[in-house]
Amino acid sequence: MRIHPLPAFEDNYIWVLRQPRGRHCVVVDPGDEDPVLAWLEEQELGLSAILVTHGHGDHTGGVRALKARWPDAVVYGPSRERVPVVEQPLEEGASLSLEGLDVSCRVMEVPGHTAGHLAYRLGDVLFCGDTLFAGGCGRVFSGTHEQLSDSLRRIAALPGDTLLYCAHEYTLANLGFALWVEPDNEAILRRKLAEEEKRSRGEPTVPSTLALELATNPFLRTAEPAVIAAAERWAGRPLNGHREVFRALRNWKDQDYD
Ligand code: ZN
Ligand code: FE
């Protein structure tokens, strides 16, 4: 399977998936139809399915127009939040076989950013939308901090070589906050240099691997003594367990960094 990024808006990535000689492809979170239609035409491909992670407009805004052009494309998405364009609502553990791809797709419910947010797992690849970002995570909108903390812990338990395809290029800003939390973490300092180089060449920093996130992403490091100590300093009180540390980190970033 090949995966291509189509940049959209300021900093979104729409991901398209295809087999090397396939005639159809699958698109994840088409917030805008234009880059998708242009790419399909250029590649002479049809569209067999649309995977939606959650209902925000920057992930769904192009679905109607793509459906108008490719009426047979099936639109999959969350069942626990209302997303009007979704035709096939999905639940945890659902398994999809997608026309044009020879890898099967597993559904994970990862609520928190929104109440019904989904991630799609195809082999060692995870499309995680706005749940986990490279170096950071999504904000809490219609879900809860507890949900997002638990969802990140589930993602953290996947194999370390899992490739994480998130939906935004926020990496450099996220690593800046990661260094507020852990100024002496060598892995974050090294990663920041490497990602800055990619950006200066105009390349995406996404995907990353779960192993790299575990070493550098504060929101996956809520059991690390240095991270707990920093979160406690900001909160001004002792914090107990992943959820409390996570909530303090998320509030710290929302209030003081972003
Ligand atoms: Zn979103
Ligand atoms: Fe988004």
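Bear in mind that the values in this text are calculations on the coordinates, not laboratory data. Remember, predicted model here, so these are calculated numbers, not experimental data. Glycine also receives a Cβ, built like all others from the backbone with ideal geometry; neighbour counts cover every protein chain displayed.
Here are some notes:
- DSSP beta bridges confined to the range 2-257 are antiparallel in about 65 percent of cases.
- For the range 63-71, Karplus couplings with θ = phi - 60° (6.51, -1.76, 1.60), whole Hz, Gly/Pro x: 4, 4, 5, 5, 5, 5, 7, 10, x
- Potential extension, R199-Y257 segment - 0.36 nm per residue separation minus Cα distance: 18.8 nm
- Relative to the longest principal axis of the Cα atoms of the chain, the long axis of helix 241-252 makes an angle of roughly 80 degrees.
- Using the Cβ-Cβ distance between Q19 and R237 with R0 = 45 Å, the FRET efficiency computed as 1/(1 + (r/R0)^6) comes to roughly 0.25.
- In terms of other Cβ atoms within 10 Å, Y120, Y13 run from fewest to most in the order Y13, Y120.
- At q = 0.08, 0.11, 0.15 Å⁻¹ the log10 of I(q)/I(0) for the range 2-257 amounts to -0.31, -0.57, -1.03, computed by Debye summation with a single uniform scatterer per C-alpha, solvent ignored.
- Phi to ³J(HN,Hα) by Karplus 6.51 cos²θ - 1.76 cosθ + 1.60 over the range 124-135, Hz, x for Gly, Pro: 8, 10, 10, 9, 10, x, 10, 7, 10, 9, 4, x
- F133 sits among other residues whose Cβ lies under 13 Å from its own Cβ, and their net charge, with Lys and Arg +1 and Asp and Glu -1, is -3.
- The average projected area of the range 118-168, computed from the convex hull of its Cα atoms over all directions, is 3.4 nm².
- Rounded to the nearest 500, the helix-only mean residue ellipticity at 222 nm of the chain stands at -10000 deg cm²/dmol, with each DSSP H run of n ≥ 4 adding -39,500 (n - 2.57).
- Ranking of D11, D256, D58 by count of other Cβ atoms within 10 Å, fewest first: D256, D11, D58
- With neighbours defined as other Cβ atoms within 10 Å of a residue's Cβ, the residues S79, S95 order from fewest to most as S95, S79.
- Amide H contacts of H24: G46, each under 5 Å away and 5 or more positions distant or on a separate chain (H built 1.01 Å from N in the peptide plane; Pro and chain starts excluded).
- Placing unit charges on the Cβ atoms only, positive for Lys and Arg and negative for Asp and Glu, gives the chain a dipole magnitude near 380 debye about its Cα centre.
- Contact order relative to length of the range 2-257, as percent, for alpha carbon pairs under 8 angstrom and 6 or more apart: 13
- Relative to the longest principal axis of the Cα atoms of the chain, the long axis of helix 171-181 makes an angle of roughly 20 degrees.
- Near H145, once Lys and Arg are set to +1 and Asp and Glu to -1 for all other residues with Cβ below 11 Å from its Cβ, the sum equals 0.
- Lys/Arg +1, Asp/Glu -1 at C-beta; the chain dipole; positive extreme among V36, W252, P159: P159
- On Cα atoms only, tilt of 186-200 relative to the major axis of the chain in degrees: 40
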